[in-house]
Each structure stands twice: as structure tokens, then as C-alpha cells.
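This report refers to the structure that appears directly beneath it.
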Amino acid sequence: MRQGNRACRPTLLISGRPTGPFLDIASPSTGCMMIDAPRSRNLPDLLAPQIRLRPDDYAVYFDFDGTLVDIANTPEEVILPPSLTPDLTRLQQRLGGAVAVVTGRHLADIARMIAPAQLAGSGLHGLEFSFMSADPVTPMPEAIAPALLARAVALVASHPGVRLEYKGPILAVHFRQAPEAGPALLNALAHLLVELNLDHHLKEGRAVIEVIPNGTSKATALREIMRRQPFAGRIPIMIGDDRADEDAFVVAEGAGGFGLKVAGEHFRQADASFMEPAEVRAWLSRIAGGDAA
């Protein structure tokens, strides 16, 4: 962002003092100024007026489950608040299209739930993309190896309450209904990848373990979106609640932006910018120009 001839970029600067980070922001009356900003918790409040003042300088990226919507017992049971779709549409208009969803879900699931809103984004941890242009994207890899699928089916069958979600190139093992099974499932899946000599890795989430091809993540997803218009050159703000989102936080912060955490089963409240998805939605509504209810 610019005020006169001086560039203002809201990058956290470590001052060496106990209060630590500062936010270099733009003021409509005084130009650039340094604000002593407490960590994480107050960042959304400091960023909101900056986004409204300089919307062309920012791009906002959201995880979906646990960030825009509350975690449910199963992915199919997620409830979409009625205000979310119109607020996403308003925010997209305010930011000139620079709003995206970065998720582990299929993008088709997101599109169905947020319709009629249409957002750019990445699904399946960087394996699929949707842009508001006709630019070609890398084709999605082949489906998961049949041998791994068969073994995963047998593993899940041996743990009552555990559910297997087949996403083509990704498998997700959900254990929210059997939380005590988590460590055993993680160990068994890790051994399977070694035994079958597969080029995959495990990513733990909130009561879920996903088997994902190597070389892809929410970090690679964010990098790909950030290099395209209208996202290129903007200050990235990535918001998420889970371990997979940490990869994207590193990319956003490395580009001079922000990774904002949502408290839950992964991030502690003391380390988070938002206490729950309802706070994310209220902030979204605020910067979009709607009612923050």
C-alpha cells in the first residue's frame, strides 16, 4: 500500500523489545505509522481497516472446515451459515476477485456449498485448482494405488467408528467417533506407506489422517494461486485452523503477509487470532462491508 511517495507494507517487524512485533500500516491522515501490535490475537482488528482502506493491496485465503464453517462429526454434516455466501461475494467484489479457498476437500464440494458464490481456490491439498480465468492447470494425479486402498479399507474395518473417505488421489481416515484409535491408525498407515514403497506422506488433521502424494500441500497450492492474477503482487492473508494450514502460513509470511490461526483442536487459544469460525465469519463480514453478526 502507498501513502504519497512512501510505501507502507504491513509486515511484522521484531523490535527486540518484550512487546515484540509491530505493524507498519497506512493512516489516511498521517501516512505510514508503526503500531505496537500484540501477537496473533489483535492482528485481525489491526488488519481490517487496512484492507478496507487499501483493498487492491490484499488477497485473502481461507481454509474451509474449522475456519469458515464449524467442524462437524462428518464432512457431509457441515452447516453453512446463511450469511457466509453473500459475505464471500461482497469480499470478492471489494478485493477485485482476490479471495480464494485453500482446502483438503474436493473443490466441487466447496462450489456446491457456497453457490451461487464462485471463488478461485485449490482443493485436495494442492492437487486441483479453479481460477476465474481460462489458464490451464496441472492435471490431477491418478487415483490412489489399489493395494493401498484395499489395505486401508481393511484397517478401517478393524476399528469401529472409524470412517474412510476416498478422494481419488487422497485417502482420509476420520476417527472423530473413535478418538482413541488415532495413534494406532497413524502408526499403521505409516507402516503401510513404507511396506508398499509409496511416494506419499501422512498429514494429521482434526480427528483425521490423510494420505497425500509427495510434492503437494497447501503451501504449493498457495504459491500457485499467488502467482496468478488478481492475486499476484498482493499481500497474502491465509487463515486456517489445522496442521496442513501451517505449510501455507509459511508461504504467506515469507511473502510479507500473514498466517492467522483459528483456535480448536490444533491451535491453542493463546496462539490464535480467532477463537472459533464464528469470529472468522464476523471479521470477513466486517471487511466485506456487511453486518458482522
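The values are calculated or read from the model by the stated rules, or taken from the named source; none is laboratory data. As the structure is a prediction and not an experimental result, all values here were calculated from the model. Reconstructed Cβ throughout: ideal geometry from the backbone, glycine too, with neighbour counts over all protein chains shown. Calculation scope for accessible area: heavy atoms of the full protein, side chains included, ligands and nucleic acids excluded. Shrake-Rupley method; radii C 1.70, N 1.55, O 1.52, S 1.80 Å.
Within segment 209-239, the only residue that satisfies the criterion of being in a helix (DSSP H, G or I), surrounded by fewer than 22 Cβ atoms within 10 Å (Cβ to Cβ) and of a type in the set (Lys, Arg) is ARG223.
Take the residues in segment 156-200 that are in a strand (DSSP E or B) and among the hydrophobic types (A, V, I, L, M, F, W, C); name whichever of them is farthest from the chain's Cα centre (by Cα). Applying the filter and picking the extreme gives LEU164. So which residues in segment 55-79 are assigned to a loop (DSSP other than H, G, I, E, B), open to solvent by 50 Å² or more (accessible area, probe 1.4 Å) and modelled with pLDDT of 95 or more, if there are any at all? Passing the criteria: only ASP70. Taking each residue of segment 126-142 that is open to solvent by 80 Å² or more (accessible area, probe 1.4 Å) and looking for partners that are part of a strand (DSSP E or B) and modelled with pLDDT of 80 or more with beta-carbon atoms closer than 7 Å, six or more apart or interchain, yields MET132/ALA120; MET140/GLU128. Flag: ARG206 matches the condition of being charged (D, E, K, R), under 12 Å from THR67 (Cβ atoms) and not in a helix (DSSP H, G or I). Whenever a residue of segment 192-221 is within 23 Å of TYR61 (Cα to Cα), its partners that are buried (at least 20 other Cβ atoms within 10 Å of the Cβ) and among the polar types (S, T, N, Q), lying with C-beta atoms within less than 6 angstrom and at least six residues away or across chains, give the pairs ALA221/SER122. Among the conditions (1) loosely packed, with under 14 Cβ neighbours inside 10 Å; (2) at negative phi, GLY161 misses just one, which is (2). For segment 242-269, filtering for residues that are among the aromatic types (Phe, Trp, Tyr) and either free of Cβ contacts under 8 Å to residues at least 40 places away in the same chain or open to solvent by 10 Å² or more (accessible area, probe 1.4 Å) (or both) leaves 2. Restrict the check to segment 117-129 and report whether at least one residue is aromatic (Phe, Trp, Tyr) and either in a loop (DSSP other than H, G, I, E, B) or closer than 15 Å to PHE62 by Cβ (or both). Scanning segment 117-129 turns up no residue that is aromatic (Phe, Trp, Tyr) and either in a loop (DSSP other than H, G, I, E, B) or closer than 15 Å to PHE62 by Cβ (or both). For segment 177-195, state whether one or more residues are open to solvent by 50 Å² or more (accessible area, probe 1.4 Å), modelled with pLDDT of 95 or more and polar (S, T, N, Q). There is at least one residue in segment 177-195 that is open to solvent by 50 Å² or more (accessible area, probe 1.4 Å), modelled with pLDDT of 95 or more and polar (S, T, N, Q).
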